[in-house]
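Following: one structure in structure tokens, then a few remarks.
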Amino acid sequence: FFFFNDTATTEIYTEQIVGSVRCVQETGRESYRRNTTLICYNFFKNMLMILPTFWFGFENGFSGVRIYDAYIFQMFNIFYASLPIVIYSVYDEEFITPHLEEMPNAYIQGMKNELYNGFILLRWIVNGGLQAIVMYIGAYYGVEGNFYSQDHGHSNDIWVSGMTVYSALVVLANSKIVIFSNSFSFLSVIILVGSVLMYVLQFAIASLFQFFDVHLYLSLIHISEPTRQAEISYAVFC
């Protein structure tokens, strides 16, 4: 305890201490909740992004063929799935601030680590892995071999199937934020919609200026060279 001879000085320090305690009560609980979701979501979205490339390895014999276009792939954590979670971690509110002072039980989740522990993190990772499997199977096999060009009758090339998976990835990663958000503002909605539209715009620009690594109508063929001692898988474009 601090004792002051000056009553006015005592009142000033008391107001500052009480104000600091109130600030911790109001923002500490919400900051803890938002930041734990931020950490878990980053693991989730990277599972969505990386695992389809692993599942695709079984299709191409782990020959190193990419399922995503290299240019578009690099933009995922820069433009398509970065700002929405930042806006969430700063502005999302589960309860209105005055109500928290009347809800002491709302702070128990922080003291008991109910929002961030090993089990919670593992659940997010497994959830991301399972959704990546469903997304890959649905998007890839839904397009591969089911659509054909009207010009020459060939099936769509591998990049059509791959970018279908990537499009589902961008939509799913941003939709997840909508699901666990508690409040929305004009800014958060604009950022969410803008992230998806940014992908559509950059995809259109990349297609227009031929930034892709290969031209259209490529087909993937797997061959094995019989003259080698061990079987080697190759990816040949023709």
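The values are calculated or read from the model by the stated rules, or taken from the named source; none is laboratory data. Please read all numbers here as calculations on a predicted model, not as lab measurements. For neighbour counting, all protein chains shown are included, and Cβ atoms are generated from backbone atoms with ideal geometry for every residue, glycine included. Heavy atoms of the whole protein, side chains included, go into the accessibility calculation; ligands, DNA and RNA do not. Shrake-Rupley method; radii C 1.70, N 1.55, O 1.52, S 1.80 Å.
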Count the net charge of all other residues whose Cβ sits under 15 Å from the Cβ of Ile137, scoring Lys and Arg as +1 and Asp and Glu as -1.
-> -2
Report the label-to-label distance for Val134 and Ser175 in nanometres (one decimal), using points 7 Å from each Cα along the Cα→Cβ vector.
-> 0.9 nm
Ranking Met49, Asn77, Ile67 by how far each Cα lies towards the positive end of the charge dipole of the stretch 35-109 (+1 on Lys and Arg Cβ, -1 on Asp and Glu Cβ), the top one is Ile67
Ranked from highest to lowest mean number of other Cβ atoms within 10 Å per residue, what is the order of the peptides 162-169, 76-83?
-> 162-169, 76-83
Low-density loop positions, trypsin sites (Lys or Arg not before Pro), the stretch 50-128 - DSSP coil, at most 11 other Cβ in 10 Å = Lys112
Just subtract the alpha-carbon distance of Arg123 and Ile39 from 0.36 nm times their residue separation and send over the number in nm, one decimal.
-> 29.0 nm
Residue-by-residue Karplus 3J(HN,Hα) for the stretch 196-208, coefficients 6.51, -1.76, 1.60, Hz, glycine and proline x | 5, 5, 4, 5, 4, 5, 5, 5, 5, 5, 4, 5, 5
If Thr37, Thr53 are ordered by their accessible area, calculated over protein heavy atoms with a 1.4 Å probe, which sequence runs from highest to lowest?
-> Thr53, Thr37
